[in-house]
Amino acid sequence: MYKKIEYQIVKSRLEEPRRFIQVLMGPRQVGKSTVVKQVLQDYEGEYLFYSADNVPATSSAWISDCWSAARRLMVAKELKTILLVIDEIQKISNWSEVVKKEWDDDSFHDSDIKVLLLGSSRVLLEKGLSESLAGRFEEIRMTHWSYPEMKECFGFTLDQYLYFGSYPGAAPLINDEDRYQQYIQSSIIDATINKDILMDTPISKPALLRQTFELGADYSGQILSLNKMLGSLQDAGNTTTLAGYINLLNESGLLCGLQKFSVDAARRKASIPKFQVYNNALKTVLSPFSFEQALLDRKAWGHIFESGVGAYIVSQGFAHRFEVYYWRERNDEMDFILKKKGAIVALEVKSNAEKSNTGLQKFKAMFNPKEALVIGEGGLPVIEFLAMDLKKLF
């Protein structure tokens, strides 16, 4: 079975002495549970695995019961240490407070129970971690599959990766596009919006949230003002409502609205957003073009190409903790600006030879980036860029 790089990260963390709660987090359907299953198959110590999938949300005592079972097993087998794994923990209300209590109790009594938590909702996990578990946990961020991974595991071509995205569960379905689209809609989009966002966040206009996602995904890779969005949406409300919904979609790993790069933080926040999906399947599943039709339509493929490269960039940004922006001044622009600890990297994506990149020299003169790359026609081949570890650019 194919093993992603996160397998070794999780395995090595669990082999260390007990220091922190390990939290494996990331978007839905990227293989988090599979990675943990592979690690447990090779884990040499004792472990207990529980899933909160079918546990009532109000049953916070269930978490304490899991801990009690681990403690009893340690005593019964005279174990020095044991690993406790809890999947989908974010489904339990007030989970972080219970985890904090049990972890601190183990620490006080020198009980060597290692803990691995994982879940499918970035929103709910990050909320609980920030509220109760500060200083007690480490994140292992897992993101969407890269092109080399999809090629090695599923035999994807570059064009298939750019169009169909990189959800491993959908990969065997791409030869039946109706079935593939149903999977993306139900297992990714509906599940994320209905289970990760609406179940925990008061949303006054759920239909508007869905429309915001669909319009933003359609415009992925393009700049679109919130005022123009209002004109395209039914029961639209105001720009503040839209901005809030875009933030929720970003936290859920579906869609982000990139800010314009500026040294002035206030100008960044007030800028017109550039929409970008985290996985290109989220854009093309709403497209009127089939895979074959898209390949033959130069304009449509240009948008898919640029959005596909952008999806890799923002997914890497989540995994490796760097910020992603765009830049535009009058007729000059750069598609993506990456920033980490003061270092800046400028990226221009060219889907065809006709697209100019006059903004590159101007941006370099104004901001002196550490790296400035053209990706695609006349620059770094996209197949090489999609295999790069982007954190090494810094």
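Please enumerate the residues belonging to region 261-287 that are closer than 18 Å to A243 by Cβ, in contact with an Asp or Glu (Cβ under 9 Å, 6 or more places away or on another chain) and either among the hydrophobic types (A, V, I, L, M, F, W, C) or surrounded by fewer than 20 Cβ atoms within 10 Å (Cβ to Cβ) (or both). If the condition is that a residue be closer than 18 Å to A243 by Cβ, in contact with an Asp or Glu (Cβ under 9 Å, 6 or more places away or on another chain) and either among the hydrophobic types (A, V, I, L, M, F, W, C) or surrounded by fewer than 20 Cβ atoms within 10 Å (Cβ to Cβ) (or both), then F275 is the only one that fits. Taking each residue of region 141-161 that is under 17 Å from L282 (Cα atoms) and looking for partners that are surrounded by fewer than 19 Cβ atoms within 10 Å (Cβ to Cβ) and among the charged types (D, E, K, R) with beta-carbon atoms closer than 8 Å, six or more apart or interchain, yields Y161/K151. Scan region 15-30 residue by residue and report those that are open to solvent by less than 20 Å² (accessible area, probe 1.4 Å) and of a type outside the set (V, I, T). If the condition is that a residue be open to solvent by less than 20 Å² (accessible area, probe 1.4 Å) and of a type outside the set (V, I, T), then Q22, L24, M25, G26, P27 are the ones that fit.
V55 meets each of the listed conditions (1) over 24 Å from the mean Cα position of the chain (by Cα); (2) open to solvent by less than 20 Å² (accessible area, probe 1.4 Å) apart from (2). Check region 367-389 and report whether any residue there is out of contact with any Phe, Trp or Tyr (no Cβ under 9 Å at 6 or more places or on another chain), among the β-branched types (V, I, T), without any contact (Cβ under 8 Å) to a residue 60 or more places away in the chain and within 29 Å of Y163 (Cβ to Cβ). Yes; the residues of region 367-389 include at least one that is out of contact with any Phe, Trp or Tyr (no Cβ under 9 Å at 6 or more places or on another chain), among the β-branched types (V, I, T), without any contact (Cβ under 8 Å) to a residue 60 or more places away in the chain and within 29 Å of Y163 (Cβ to Cβ). Considering region 339-391, and only residues there that are small (G, A, S) and assigned to a helix (DSSP H, G or I), the residue that is nearest to the chain's Cα centre (by Cα) turns out to be G359. If the condition is being without any contact (Cβ under 8 Å) to a residue 60 or more places away in the chain, open to solvent by less than 60 Å² (accessible area, probe 1.4 Å) and of a type in the set (S, T, N, Q), then region 308-365 contributes S351, N352, N357. Here are the criteria: (1) assigned to a loop (DSSP other than H, G, I, E, B); (2) touching a Ser or Thr at 6+ places or on another chain (Cβ under 7 Å). Tell me which single one G302 does not satisfy. Just one mismatch for G302, condition (1). Might you check whether a residue that is of a type outside the set (S, T, Y), closer than 13 Å to E214 by Cα and in contact (Cβ under 8 Å) with a residue 24 or more places away in the chain occurs anywhere in region 260-274? No. State whether one or more residues within region 124-131 are part of a strand (DSSP E or B), open to solvent by less than 10 Å² (accessible area, probe 1.4 Å) and in contact with a helix residue (DSSP H, G or I) (Cβ under 8 Å, 6 or more places away or on another chain). No; the residues of region 124-131 include none that is part of a strand (DSSP E or B), open to solvent by less than 10 Å² (accessible area, probe 1.4 Å) and in contact with a helix residue (DSSP H, G or I) (Cβ under 8 Å, 6 or more places away or on another chain).
Taking region 275-320 as the range and being touching a strand residue (DSSP E or B) at 6+ places or on another chain (Cβ under 8 Å) and either farther than 23 Å from P381 by Cα or aliphatic (A, V, I, L, M) (or both) as the test, the residues that pass are F275, V277, L282, V309, A311, I313, V314, F318, A319. Number of residues in region 67-120 that are surrounded by fewer than 20 Cβ atoms within 10 Å (Cβ to Cβ), among the small types (G, A, S) and part of a helix (DSSP H, G or I) equals 4. Answer yes or no as to whether V36 is more than 18 Å from S93 (Cα to Cα) and buried (at least 18 other Cβ atoms within 10 Å of the Cβ). Yes: the conditions hold for V36. The residues on offer are N175, N227, N250, and the sole one that is over 24 Å from the mean Cα position of the chain (by Cα) and assigned to a helix (DSSP H, G or I) is N227.
Residues that are open to solvent by less than 30 Å² (accessible area, probe 1.4 Å) and of a type in the set (S, T, Y): does region 288-303 have at least one? No, the conditions are met nowhere in region 288-303.
Take the residues in region 188-220 that are in a helix (DSSP H, G or I), open to solvent by 50 Å² or more (accessible area, probe 1.4 Å) and touching a Leu at 6+ places or on another chain (Cβ under 7 Å); name whichever of them is nearest to Q276 (Cα to Cα).
By that ranking, first place goes to D218.
So is L125 at pLDDT 90 or above and not aromatic (F, W, Y) or not? Against the criterion (at pLDDT 90 or above and not aromatic (F, W, Y)), L125 does not qualify.
Okay, residues lined up against (1) within 17 Å of the chain's Cα centre (by Cα); (2) not acidic (D, E):
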{"residue": "Y147", "(1), (2)": "yes, yes"}
{"residue": "F156", "(1), (2)": "no, yes"}
{"residue": "D159", "(1), (2)": "no, no"}
{"residue": "E214", "(1), (2)": "no, no"}
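Here is a list: I344, I383. Which entry is touching a Pro at 6+ places or on another chain (Cβ under 6 Å) and either modelled with pLDDT of 95 or more or within 30 Å of F291 (Cα to Cα) (or both)? So the residue among I344, I383 that is touching a Pro at 6+ places or on another chain (Cβ under 6 Å) and either modelled with pLDDT of 95 or more or within 30 Å of F291 (Cα to Cα) (or both) is I344. L162 falls short on exactly one of the conditions (1) part of a helix (DSSP H, G or I); (2) more than 24 Å from S351 (Cα to Cα); (3) among the aliphatic types (A, V, I, L, M), and that condition is (2).
The values are calculated or read from the model by the stated rules, or taken from the named source; none is laboratory data. Note that the structure is a prediction, hence the values are computed from the model and not measured. Positions of Cβ are generated from backbone atoms using ideal geometry, with glycine treated the same way; all protein chains shown enter the neighbour counts. The accessibility values were calculated without ligands, DNA or RNA, using every heavy atom of the protein model including side chains. Shrake-Rupley method; radii C 1.70, N 1.55, O 1.52, S 1.80 Å.
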